[in-house]
Every structure is written in structure tokens, then in C-alpha cells.
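Colleague: Take this structure first; my questions come after.
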């Protein structure tokens, strides 16, 4: 049984610290109440994950898409569900052993460093901070900006291909400069931009990350393909050099097959 499911008196008798009496990801719902991501959302999130390599240790980065993000220990059923987000400073696995069912701020103690929302008609106003709270729960914009204080918030319209990046200041979110459909996130030392190319059999403009030199960061599949092409090139080059040497020996009157 989860500690959080013990009665209050049982928790007091155990004299557990506050963190251990709060609900964990095992106690909270992990499924979305309505709707599922479309294929574009799934592939775009996948590409963002596959190319996100800021200058930090890989075992201290957690990246997720369409995962419940619980943000208020006083309202444990309140959550947002970002299309994509990254956290720097936590292990890839929950308590170094489990895949996360959700991301619970009061357990993790580290907020995301960047969130990306892919605009859709039903969420456009909330994603852009134009909607008012429904009931007591704050809007997505208010949670990201005022409660979690997430340094970078990026909104992307997959139809118009418009990127709207924001960074957190003392006055709240302010627009970040966009240059040639690219935006640089200085504290993470990584950039995000529009790239035209083929991913998973679909050629179109995609969001993907790039490094300080402006080079697009590659996926594992791309790195494997490049390594294979390089090996084939080096093999062909070596064979060409051998053939050239044999020809020079022949021209010099030396039998290359002499034993």
C-alpha cells in the first residue's frame, strides 16, 4: 500500500516527514481525460526528444511528452499536460529505477526548464495566455509563468509554422528574438528552429534543436546512418588507393602478384 493511502493518524504514528506523506506519481491519475495526440504531435514530440542535447550530463536530463505535470501539493488533483517538456537536474528514471507515470513537482523538487506546446484549435487561447481560469484551477500560462517559473515557454503552430518563444523575466514572460526561424536559449546553450527534411518517412518542416555552431543536432538513427556511410566511404577510398598502387607497380614493370 502507498504511504499516501494510509490514514492521517497512521501517518502521524509513523512520524513520517512531510514529503513522504504527500501523494506520489503512483497515487495520481496518469491518463488524459479526453482526446489523444494526433500523429503530427507524436512525431514532432519524438523529434524534439531525439535531438535535445544541451551541455549537461545525459543522466541528469528528463524529457517527456503528453505527460501529466502535477504542480500544487495543496491541490493534488490539479495538473497540466504539456505537449513536450524537459527537466535538467533530475535522473532519467524516477528514483533511479522506474519509468515515470507522471511528473510530480513536490516529489521531484525540480521544475521543467523548457516547455513546448503545439497549437491546436481547442487549446490555442490557453496556450497563448488569452483564456481565463475555469473554476479555481489556474490556466496553463499562469502555471508555467507564475507557479513553476519555467524559464522558456515555446508555442508552435504546426500549420502556419510560426514559432512564438518566451523567456521568463521579473515581469513575466517576454518574447524571445527569432532569427531566420530559429531561437536561441542562452541559459541552456541550445537553440530550436525550423528544419526542412524527412523524419519517419514524412518530408516537411519540423521543429528540431541545434547547437552553438548552428548545426542541427542529430538523432541516433541519423548518427548510425552517417557512421555507416563514412565506413563505406573509407572502404571505397582504401580500395581506390590499393588499385592506384597496383597500377603504379605495373607501370614500373613490377609484377604486383610476385611472390
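The values are calculated or read from the model by the stated rules, or taken from the named source; none is laboratory data. Model, not experiment: these values are computed from the prediction. Cβ: placed from backbone, ideal geometry, glycine included. Neighbour counts: every protein chain shown.
Colleague: In the range 114-133, is there at least one residue being part of a helix (DSSP H, G or I), under 17 Å from the mean Cα position of the chain (by Cα), surrounded by fewer than 17 Cβ atoms within 10 Å (Cβ to Cβ) and on the phi < 0 side of the Ramachandran plot?
Modeller: No.
Colleague: Name the one entry in 184, 196 that is surrounded by fewer than 12 Cβ atoms within 10 Å (Cβ to Cβ) and either assigned to a strand (DSSP E or B) or not assigned by TED's automatic domain parsing to the domain that holds residue 84 (or both). Working first, answer last.
Modeller: On the way: 184 fails: surrounded by fewer than 12 Cβ atoms within 10 Å (Cβ to Cβ).
None of the other options fit; the residue is 196.
Colleague: Kindly evaluate residue 209 against the criterion of being out of contact with any helix residue (DSSP H, G or I) (no Cβ under 6 Å at 6 or more places or on another chain), surrounded by fewer than 17 Cβ atoms within 10 Å (Cβ to Cβ) and part of a strand (DSSP E or B).
Modeller: No; evaluated as a whole, the condition is false for this residue.
Colleague: Hey, residue 91 hits all of (1) within 15 Å of the chain's Cα centre (by Cα); (2) in a helix (DSSP H, G or I); (3) within 27 Å of residue 27 (Cβ to Cβ) but one; which does it fall short on?
Modeller: (2)
Colleague: Given (1) crowded, with 17+ Cβ neighbours inside 10 Å; (2) over 18 Å from the mean Cα position of the chain (by Cα), where does residue 111 come up short, assuming only one miss?
Modeller: All conditions pass for residue 111, except number (2).
Colleague: Further question: For residue 76, state whether it is more than 27 Å from residue 193 (Cβ to Cβ) and in contact with a helix residue (DSSP H, G or I) (Cβ under 7 Å, 6 or more places away or on another chain). Let's see the steps before the verdict.
Modeller: Details: more than 27 Å from residue 193 (Cβ to Cβ): yes; in contact with a helix residue (DSSP H, G or I) (Cβ under 7 Å, 6 or more places away or on another chain): no.
Against the criterion (more than 27 Å from residue 193 (Cβ to Cβ) and in contact with a helix residue (DSSP H, G or I) (Cβ under 7 Å, 6 or more places away or on another chain)), residue 76 does not qualify.
Colleague: Check 198, 177, 162, 203 and return the single one that is closer than 25 Å to residue 122 by Cα, without any contact (Cβ under 8 Å) to a residue 12 or more places away in the chain and out of contact with any helix residue (DSSP H, G or I) (no Cβ under 6 Å at 6 or more places or on another chain).
Modeller: Working: 198 fails: closer than 25 Å to residue 122 by Cα; 177 fails: closer than 25 Å to residue 122 by Cα; 203 fails: closer than 25 Å to residue 122 by Cα.
Result of the check over 198, 177, 162, 203: 162.
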